[in-house]
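Single-structure report; data block below.
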Amino acid sequence: MNHPRTLRAGLVAVLVATGLSITPSAAAAADVNHAAGRPTTASGAHGQYPASNVTDGNQATYWESASGAFPQYVQVDLGGAVTINRAVLKLPAGWGARTETLAVQGSTNGTDFGTLSASSGRLFDPGSGNTVTIALTESNVRYVRVTITGNTGWPAGQLSELELWGPGGTDPGDPGGTDLAAGKPLEASSATQNYVAANANDGNIGTYWEAAGHPSTLTARLGANADVTAVVIRLNPDPVWQARTQSIEVLGRAQGATGFSTLKARADYSFSPSGNANTVTVALSGRVADVQLKFHANSGAPGGQVAELRVTGTWAPNPDLVVTGLSWTPSAPDETSAIAFSATVRNAGTAASGATALDVTLNGAVAGTAQVGGLAAGASATVTVGGVRKAQGTYTAAALVDPAGTVAETNEGNNTHTAPQPLTVGQSPGPDLQVVGITSSPANPAVGAPVTFTVAVNNRGTTAAGASTTRVSVGGTTLNGSTGTVAAGATVDVAIGGSWTATSGGATVTATADATNAVAETNETNNQQTKSVVVGRGAAVPYEEHEAEAARHNGTLVTADAQRTYAHTNFGTESSGRASVKLDRTGQFVEFTSTAQANSIVVRNAIPDAAAGGGIEATISLYVNDVYVRKLTLSSKFSWMYGTTDLTDALSNTPSPDARRLFDETSALLAKSYPPGTRFRLQRDAGDTAAYYYIDLVDLEQVAPAASKPTECTSIEQYGARPNDGLDDTDAIQRAVTDDENGVIACVWIPAGEWRQEQKILSPDPNRGTYNQKGVRNAVIKGAGMWHTRLYTTTEPQNVTGNINHPHEGNVGFDIDDNVQLSDLAIFGMTTNRANRGHGLNGRFGKNTKVSNVWIEHVNVGAWVGRDYTDTPAYWNPGDGVEFSGMRIRDTFADGINLSNGTRNSKVFNSALRTTGDDALAVWSSKYVRDQSVDVGHDNRFTNNTIQLPWRANGIAIYGGYGNTAENNIVADTMNYPGIMLATDHSPIPFSGTTTLANNGLYRTGGRFWQDVQLFGAITLYAPESEIKGVVIRDSEIVDSTYDGIQFKSAGNAYPGVRISDVRIAGCLNGAGVLAQGSARGDATLTNVSISGCAVGDVVREPGSQFIFR
């Protein structure tokens, strides 16, 4: 490739040694190729070699005249009289040498031609690129004709390119003025490697954009109309960049327009480090909001190149809305105060603005909205958002004008104003009752069982609360309990009268303190708490899930093929329920109608990747009951893995034809709560700029207010952390956790807000070796709720510096070793590739560790429980009695939760896992333990979990051990592996005792993997390293399997004594109900097994199999 990627070290050294800098000289007047793209005629042409090929910019195409009939000519019409001073003639670069005898003539009228260069033999030599340059008598002509009278290589005239060079008019040089493109977004039709569009206005001449081919475009989005006068296109002026010619057309688009129009016709521009400092200025005029360079050819690279792009001119009359101030009254509110916010909006632009809106946000969530009337240029108005009540705490207050982007402005980046001081809401004097716990008995009832409840009620106020009623609502049943006087700071357990009869699927329990409003409280918004009671299969999640294909829409329904083909950019296969809706035109939408109260939304979606990889961000518009509410920001940064390999570590973020992991999620708390029957519409509006949106599903949830700090806890704010300030809070969190470990404080409180974390929280070990492998012990860490307290990082794991833990453990979350209770927060990582690692939780976990209501997203592994014994043997402490409940693990690059290294007596309960990159739940009884006869993975339970859309591997996997159980789970839509797999790969301690799979529902599971050769059933047993015995599969249903319902895979070992009972298998698209592959050995007893709709048969034993079905 004829262009450099970096400066030569020697050249840089010489320049530095002589005290010179690499600075471009003033731009010289630029010659242009006036013939580029211009119309042509000829005396004749042979077949598919027309005259138009000589101005198409492609040296590989050519004009050829009629054979054996010299003289012949080809002629170019330049469209008007222009000055030319040289001609460049080309033949295809790979042709052999030849001499053509020719003359160059010019005319102003197309009839009378004069000689510009007399007839002479011109040698075309492949050693010089088959290119001939002819100096011409400088002339002002419109028509140029090349007349050929002989050709030593062929009995006809031949030319592939005819370039006619001359001044392009007066070169304005550096036009000065405002650079309208500075800081504005640039978009490119393509990019190669890491030479992305953003490089072209980053202020660094050493970086550049390069397209992946021709034609290509680079577009500067100015944001509003401007009267543009020129574009300045620069390449690095360093001499190591060779001279080149780029064929460029300049186009523009006004605000509100849909298409581009030409501002400057296509022409060839010379870039020369010595001639014009690799800088070309194109004078033009037009009023546009977008400026686009369209590249047709580049003699120095296979695509267009720009190091720096300037667009000069002046802003057209347009408004520019800014918020100049934000204040509130009362200035020191408490929880009972109705806070009124006053924001001053000024139109700093040069034209009047239309009416719009202003949002006041607190900690990033919209607290209220006011309407802003039209403003004349220079005018200001003050608007008020009133009636805001907030719980005790500290809030970052900001105001955003024109949040929907409905007003075209000269500057869209200055619409937000953040108050210099935070809003502090104090506690009000008086009582304040809140529910702090709900206990149901039994905890996991059977269908039809009576369930009773006890509610823990706390008075967080400053004075005693009088007698009140505590109410429980569950599944249409309302139960009450009497609550006596509760002293300030006290907590009482209230027995609720009556019982609820458990129904299949479970229900959400809502407990309300002071349900009849008998107590005048300081805060009437924090009286409720919800809890899920699980009955039957799956997790009792507190949200409703709505599938796009079942919603009202006017988009395109996208479904999977019959084989559910995967890893070849298959949106249908990767969709929940195996269907989604595509929106690719303005006005298209998907609309969901809620069936319960909701104040939040999660959207599973797919939008395009950036041309060079790395993802893009784009908005989609949310309407509620036909009224615009807000934009939701979607991202593809964490999706789009490329490659044909099935080794996930080897997949790439660099675009190629075969892609997988296409979907990701976005979540948002809404400014208000909406009742059942509300219509939530996701719509692609004109300002929503992704080329397409695949909408798969939404979750609608009523999120409880942020919890208040328990009395016994100490906030990380006491250690210097501040929410939402973008600064690294790791040190404050680590010091608080260390103090908790050492008994200095009783509990770590992480309040509502976003907290940046750039190092794993652990126990610093002064005796560590290469890596710190000591986790947190004896600590309680609480947040204000998984929607309210978020730990996040801005650094991808591979780029972390200064960490003391192992790099693959990453830089967010916690390393846990023993007796840790972690709850009610979210952990969001920055992992974009499995090879880059980064776990949410990891460590030995030990005894009495409980993790509840934690949301983990964009990490490698959600939670890896266990360390190898050799990782600091003195700290050996395998998980025992570890509990995970209420977990949400989404969009990982490897496992969801893996119980390894001798973990025993532990459970994952009532948790939801979606789009994991390996086994969503796994027990791996690995051999990397202290004593393989004792440290066996045993008696672990996966109970009442919902698993959706693993994009690699299994929903549930058990590798060896004994007494392990998967019960009451739902697994749906695996991409390539079973819903549940029992296996002895990964060298586990062998199976013994009983392994039970009971009352599970598997829907659309199984698949094809390992170069599409291996087929997997919904439940698959695979025994390559030792036998799998003692398996019980009962009381389950397997519906719509991609291949077999239950599969015994060919392997080196047997499956003795398998018992399968009370199992319904309905639909196997490409397989059998129960299959024993050709070399499978063992036996299975089938009792009350119902099979229907399987393509290959009901119970099938392949030829050669010694498997016995009873």
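The values are calculated or read from the model by the stated rules, or taken from the named source; none is laboratory data. Keep in mind the model is a prediction, meaning the values are calculated, not measured. Cβ atoms come from the backbone with ideal geometry, glycine included; neighbour counts cover every protein chain shown.
In region 594-602, is there at least one residue being of a type outside the set (S, T, N, Q) and on the phi > 0 side of the Ramachandran plot? So far as region 594-602 goes, no, none of its residues is of a type outside the set (S, T, N, Q) and on the phi > 0 side of the Ramachandran plot.
I'd like to know if region 944-961 contains one or more residues that are within 23 Å of R834 (Cα to Cα), of a type in the set (D, E, K, R) and out of contact with any helix residue (DSSP H, G or I) (no Cβ under 7 Å at 6 or more places or on another chain). If you could, list the steps in order and put the result at the bottom.
Restricting attention to region 944-961, the residues satisfying the condition of being within 23 Å of R834 (Cα to Cα) are 947-959.
Filter once more, keeping what is of a type in the set (D, E, K, R): 952.
Filter once more, keeping what is out of contact with any helix residue (DSSP H, G or I) (no Cβ under 7 Å at 6 or more places or on another chain): none.
Scanning region 944-961, I find no residue that is within 23 Å of R834 (Cα to Cα), of a type in the set (D, E, K, R) and out of contact with any helix residue (DSSP H, G or I) (no Cβ under 7 Å at 6 or more places or on another chain), so the answer is no.
Close Cβ contacts (under 6 Å, 6 or more residues apart or on different chains) running from residues in region 512-536 that are in the same structural domain as Q392 (by TED's automatic domain parsing) and closer than 20 Å to P429 by Cα to residues that are surrounded by 22 or more Cβ atoms within 10 Å (Cβ to Cβ) and not charged (D, E, K, R) are absent. Looking across region 1013-1047, the residues that are farther than 27 Å from G538 by Cβ and either in contact with a strand residue (DSSP E or B) (Cβ under 6 Å, 6 or more places away or on another chain) or modelled with pLDDT of 95 or more (or both) come down to A1023, P1024, E1025, S1026, E1027, K1029. May I ask you to say which residue of S337, S327, S342 is of a type in the set (S, T, Y) and without any contact (Cβ under 8 Å) to a residue 60 or more places away in the chain? That would be S342, the only listed residue that is of a type in the set (S, T, Y) and without any contact (Cβ under 8 Å) to a residue 60 or more places away in the chain. Number of residues in region 759-783 that are out of contact with any helix residue (DSSP H, G or I) (no Cβ under 9 Å at 6 or more places or on another chain) and either closer than 20 Å to R890 by Cβ or not in a loop (DSSP other than H, G, I, E, B) (or both) equals 2.
Being among the charged types (D, E, K, R), within 25 Å of Q1077 (Cα to Cα), surrounded by fewer than 22 Cβ atoms within 10 Å (Cβ to Cβ) and at pLDDT 95 or above is not true of E967. Scanning region 595-628 for residues that are assigned to a strand (DSSP E or B) and farther than 19 Å from D664 by Cβ yields a count of 6.
Consider region 734-758 and keep the residues that are in a helix (DSSP H, G or I) and touching a helix residue (DSSP H, G or I) at 6+ places or on another chain (Cβ under 7 Å). The one that is surrounded by the most Cβ atoms within 10 Å (Cβ to Cβ) is A736.
When every residue of region 211-225 is checked against the conditions, at least one turns out to be of a type in the set (A, V, I, L, M, F, W, C), in contact with a Gly (Cβ under 9 Å, 6 or more places away or on another chain), within 18 Å of G304 (Cα to Cα) and part of a strand (DSSP E or B). Filtered by the rule that a residue be hydroxyl-bearing (S, T, Y) and either crowded, with 18+ Cβ neighbours inside 10 Å or within 15 Å of D268 (Cα to Cα) (or both), region 56-103 gives Y62, S65, Y73, T83.
Considering L727, L682, the condition of being within 28 Å of the chain's Cα centre (by Cα) and either farther than 29 Å from A397 by Cα or outside the structural domain of R630 (by TED's automatic domain parsing) (or both) is satisfied by L727 alone. The requirement of being of a type in the set (S, T, Y) and closer than 30 Å to G498 by Cα is satisfied by S440. Here is the figure for region 344-380: residues that are exposed (fewer than 15 other Cβ atoms within 10 Å of the Cβ) and part of a strand (DSSP E or B) total 2. Pairs meeting the criteria (first residue in region 1007-1018 and in contact (Cβ under 8 Å) with a residue 40 or more places away in the chain, second residue hydrophobic (A, V, I, L, M, F, W, C), beta carbons under 6 Å, at least 6 apart or on different chains) are G1007/M975; G1007/F1016; R1008/L1015; G1017/I1046; A1018/L1002; A1018/I1038.
Quick grid of which residues meet (1) over 26 Å from the mean Cα position of the chain (by Cα); (2) in the same structural domain as G1001 (by TED's automatic domain parsing); (3) farther than 21 Å from T903 by Cα:
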| residue | (1), (2), (3) |
| --- | --- |
| L949 | no, no, yes |
| R952 | no, no, yes |
| G963 | yes, yes, no |
| A966 | yes, yes, no |
| N969 | yes, yes, no |
| A972 | no, yes, yes |
| M975 | no, yes, yes |
| G979 | no, yes, yes |
| L982 | yes, yes, no |
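Residues that are in contact with an Asp or Glu (Cβ under 7 Å, 6 or more places away or on another chain), of a type outside the set (D, E) and outside any loop (DSSP other than H, G, I, E, B) are absent from region 1078-1085 altogether. Against the conditions (1) of a type outside the set (K, R); (2) modelled with pLDDT of 95 or more; (3) out of contact with any His (no Cβ under 9 Å at 6 or more places or on another chain), T654 satisfies every one except (2).
Residues are listed down the side, and each one gets a yes or a no for (1) within 19 Å of N910 (Cβ to Cβ); (2) in a strand (DSSP E or B); (3) within 45 Å of the chain's Cα centre (by Cα); (4) not assigned by TED's automatic domain parsing to the domain that holds E521:
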residue: P445; (1), (2), (3), (4): yes, no, yes, no
residue: G448; (1), (2), (3), (4): no, no, yes, no
residue: T454; (1), (2), (3), (4): yes, yes, yes, no
residue: T463; (1), (2), (3), (4): no, no, no, no
residue: T470; (1), (2), (3), (4): no, yes, yes, no
residue: S473; (1), (2), (3), (4): no, yes, yes, no
residue: A488; (1), (2), (3), (4): no, no, no, no
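Restricting attention to region 1023-1057, the residues that are part of a strand (DSSP E or B) and surrounded by fewer than 23 Cβ atoms within 10 Å (Cβ to Cβ) total 9.
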